[in-house]
Amino acid sequence: MTDGSVTPSEPAVVLTAPRDGTPEPVVTAAGLSRAAKLLAAGSGPVAVDAERASGYRYTPRAYLVQLRREGAGTVLIDPLPLGDLSPIAEVISDTEWVLHAASQDLPCLADIGLRPTLLFDTELAGRLANFERVGLAALTEQLLGFALEKHHSAADWSTRPLPASWLSYAALDVELLIALREKLEVELAEQGKLDWAHEEFAALVASAGRSAPVRPDPWRRTSGIHKVRGARALSRVRALWYARDRVAARRDSAPGRVLPDVAIIAAAEMNPIDERELLLLPGFGGRSVRRLARVWVDSLAEARALTDRDLPQSAATEGPPPPHRWAERDPVAAGRLTRCREVVTRLAAEHKLPPENLVAPDSIRRLAWTPPEKVDPDTVGGALAATGVRGWQIGLLAEELAIALPDPA
């Protein structure tokens, strides 16, 4: 049995271009039909990837879709002129998809009509197999002896036309996925973790296309907000955040490119009353930010005019408080959390798993904060299942946590 520490015997070969060449992206309905027929004629799993424009665009849509299948080769699809990719879905939906870090791509794929019924996530498999590095390039180098260059990973994929070097990079992202899947399946089987992986993959399939829950008060996630004191100052953060969001949505631009968080926090703390004062603050020096100075000043004026009743209230937290406040709020619960964490850390080490893949930290916090009235493995397992913990995880944890939860006499 191995533990994820696989080292190739020879230096990795750097791949700079797909072995079959880089195909032109499909941009027409006729081309999409041909691509569907090509993939249908192939066999085995389908490697799938998508490129987004994170950090550049407001929406997390797919700007390029890459697919590869044995006997079909690689297909690149530009979804912008096509919209729905249901012809592709019809031929690949019933076969296994191989993705890397599937949770990142499944939402944007679902938006264009692509949803899997069976998948294998190579990044998640690498985590379960306890590889120290689970990026695609790291895993292909360790397990296949090929190195992938990742210098276009943060590119603006909404760019048109896409440069040839970017297309080669995108094609290489699916070039080795199926071979990597085979290696990782063997690794998981040798470690006795393949059934665990199948449960995890099934959970991903079940969540594919499901709308993410809407966060209450999303403005409270502004970076640096912990430095802002008082409801009046928080109202300025809220006003600027929503003003920025409206501009970003209208421009289809990432909010941070419209106005950085550091600028919002600076304005919330200093409360400038006119453009002159505003533009002296950190984050307001850029030309595009300065052009919108009136928008920011008006938003701050609206916040200034609020009555006390309309100011932001203390953040309503769903579930337990932050762990650093437990000792103050409920020392007994803090003790439960410490004991439960010790169980998770020990079992994760025993089974050669990252603790966060054995169980989500939030599930343990909720269990420790509000344990079942009657503590036994069944009730603990039920409480964990209610927070999304999978069966294999409950099987490893429930009995030990049931012992750890009761307070010492």
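Nothing in this text is a laboratory measurement; each read-out follows from the coordinates by a stated rule. Only a predicted model underlies this, so the values are computations on that prediction, with no experimental measurement involved. Here the Cβ is made from the backbone with ideal geometry for all residues, glycine too, and neighbour counts use every protein chain on show.
Report the far tail of the P(r) of region 8-127, meaning the percent of Cα-Cα pairs longer than 24 Å. Present the calculation step by step, with values, prior to reporting the outcome.
On the way: 1948 of 7140 pairs.
Looking at region 8-127, the distances longer than 24 Å represent 27 percent of pairs.
Here's the list of aspartates and glutamates a cross-link from residue 374 could span, going by alpha-carbon distance under 14 Å and ignoring same-chain residues fewer than 8 apart: 399, 407. Of the GluC sites (Glu not before Pro) in region 240-323, the ones in a loop by DSSP (not H, G, I, E or B) with at most 14 other beta carbons within 10 Å are 318. Building the convex hull from the alpha-carbon atoms of the chain and averaging its projection over directions returns 24.2 nm². Give the Debye-formula value of log10 I(q)/I(0) at each listed q (0.11, 0.13, 0.22, 0.26 Å⁻¹), with one equal scatterer per alpha carbon of region 231-310, two decimals each. Ignoring solvent entirely, the Cα scatterers give -0.24, -0.34, -0.96, -1.31.
According to a simple spin-label model (label point 7 Å from Cα along Cα-to-Cβ), what is the distance in nm between residue 288 and residue 202? Calculated label separation equals 4.6 nm. Our helix-only sum for the chain, with -39,500 (n - 2.57) per DSSP H run of n ≥ 4 divided by its residues, gives a mean residue ellipticity at 222 nm of -14500 deg cm²/dmol.
Relative contact order for region 231-310 using alpha-carbon pairs under 8 Å, separation at least 6, rounded to a whole percent? Provide the component values of the computation, followed by the final result.
On the way: 74 pairs, mean separation 30.5, N = 80.
About 38 percent, as a whole number.
Rounded to two decimal places and with Rh computed the Kirkwood way over Cα pairs, what is Rg over Rh for region 323-404?
Values: Rg = 11.8 Å, Rh = 12.6 Å.
Computed over Cα atoms, the ratio is 0.94.
Computed over neighbours whose Cβ is under 15 Å from that of residue 173, the net charge equals -3, Lys and Arg +1, Asp and Glu -1. Computed over region 13-207, the convex hull of the alpha-carbon atoms projects to a mean area of 10.3 nm².
Do any GluC sites (Glu not before Pro) in region 88-138 lie in a loop, going by DSSP, with at most 15 other beta-carbon atoms within 10 Å of their beta carbon, and if so which? Write down the numbers at each step before the final one.
Working: sites: 90, 96, 123, 132; in loops: 96, 132.
Within region 88-138, the qualifying GluC sites (Glu not before Pro) (loop, at most 15 other Cβ atoms within 10 Å) are 132.
Just to be sure I follow the definition: excluding the sites themselves, where is the longest run in the chain that has none of the trypsin sites (Lys or Arg not before Pro) in a DSSP loop with at most 13 other Cβ atoms within 10 Å?
Details: sites that count: 19, 133, 210, 229, 374.
The reported range is 230-373.
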